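The values are calculated or read from the model by the stated rules, or taken from the named source; none is laboratory data. Predicted model, so just to flag it, every value in this text is computed and none were measured. All Cβ positions, glycine included, derive from the backbone under ideal geometry; neighbour counts span all protein chains shown. Each accessible area value is taken on the protein alone, full model and side chains, heavy atoms only, with ligands, DNA and RNA left out. Shrake-Rupley method; radii C 1.70, N 1.55, O 1.52, S 1.80 Å.
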Amino acid sequence: DENIKHGDHCAYCWGNDGEWEESVGFLLVGIRSGDHAVVFGHDEANKKVVDLLRKNGLDTDHLQSSDRLTVITGGPSGDRMLGNIGETFQGAVDRGSGCIRLLGNIGWSRPGWPDDLDILAFEAKVTGAAKQFPCIVMCMYDVASLSGSIMVHGAYETHPLTFCGNVLRENPFYVDVDEYLERMRAV
């Protein structure tokens, strides 16, 4: 009975395969209602998401060729990743999409991805960028494998909303982007 709206940026905290698979339902519902879906993350997670969409009866090849599903991998800088996502969102809007749903699986400490501080700055900037589009951005956080520092500074301080234990909540730990980036400069 809880709602999320266009421009929202949410951290989805998961701890087991069942919770991870449930998160892909966020894209399934959107695709089935005509939304543009974006799978963003490291290659292994992107493949897993697309495979699960396919397992749930979606023709992912057709969705990609008809510009209803976009798969984006990370890059060497947070600003470049944000730019790629923005271009993808603008393209979807230009083609008439009324809603864009992004499911993100960040490549923390993976080759080809920025260092943790750059990714944290990226996450902080996503909130403002999301407000410019008819989109919902949901970032996945694996509570079983990510460090406490990444959970606190990545999941909680950069996301206005959190989804944990099947409950969506306004996040009291969220820090405005300007304050967040100023804190990072002091590190």
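A few remarks follow.
- Spin-label model, residue 151 to residue 6: label points 7 Å out along the Cα-to-beta-carbon direction sit 3.5 nm apart.
- Simple spin-label estimate for residue 168 and residue 66 gives 2.6 nm between the two label positions (7 Å along the Cα-to-Cβ direction from each Cα).
- Listed residue (38, 65, 49) projecting farthest to the positive dipole end of the stretch 1-84, Cβ model: 65
- Accessible area of the chain belonging to carbon and sulfur atoms, whole % at 1.4 Å probe: 50
- Per-residue ³J(HN,Hα) for the stretch 61-71, Karplus 6.51 cos²θ - 1.76 cosθ + 1.60, θ = phi - 60°, Hz, x for Gly and Pro: 5, 5, 4, 5, 5, 9, 6, 10, 9, 10, 10
- Separation of the residue 110 and residue 33 label points, Cα + 7 Å toward Cβ, nm: 2.8
- The 3J(HN,Hα) values that the Karplus relation (6.51, -1.76, 1.60; θ = phi - 60°) gives for the stretch 33-49 are, in residue order, 9, x, 6, 7, 10, 10, 9, 10, x, 6, 3, 4, 5, 4, 4, 4, 5 Hz. Gly and Pro appear as x.
- Over the chain, the Kirkwood radius and the radius of gyration, each from Cα atoms, give a ratio Rg/Rh of 0.93.
- A cut-off of 5 Å between modelled amide H atoms, ignoring neighbours fewer than 5 places along the same chain, links residue 139 with 10, 11, 12, 104.
- Lysines whose Cα lies under 26 Å from that of residue 55, excluding same-chain neighbours fewer than 8 positions away: 47
- Backbone N under 13 Å from the residue 183 label point (7 Å along Cα→Cβ), restricted to the stretch 136-156: 149-156
- Rounded to the nearest 10 degrees, the inclination of helix 116-130 to the longest alpha-carbon principal axis of the chain is 60 degrees.
- Lys/Arg +1, Asp/Glu -1 at C-beta; the chain dipole; positive extreme among 153, 89, 121: 89
- Here the chain carries DSSP beta bridges of which approximately 15% are antiparallel, counting only pairs with both residues inside.
- Longest site-free stretch - the chain; sites: trypsin sites (Lys or Arg not before Pro), DSSP loop, at most 14 other Cβ within 10 Å: 6-94
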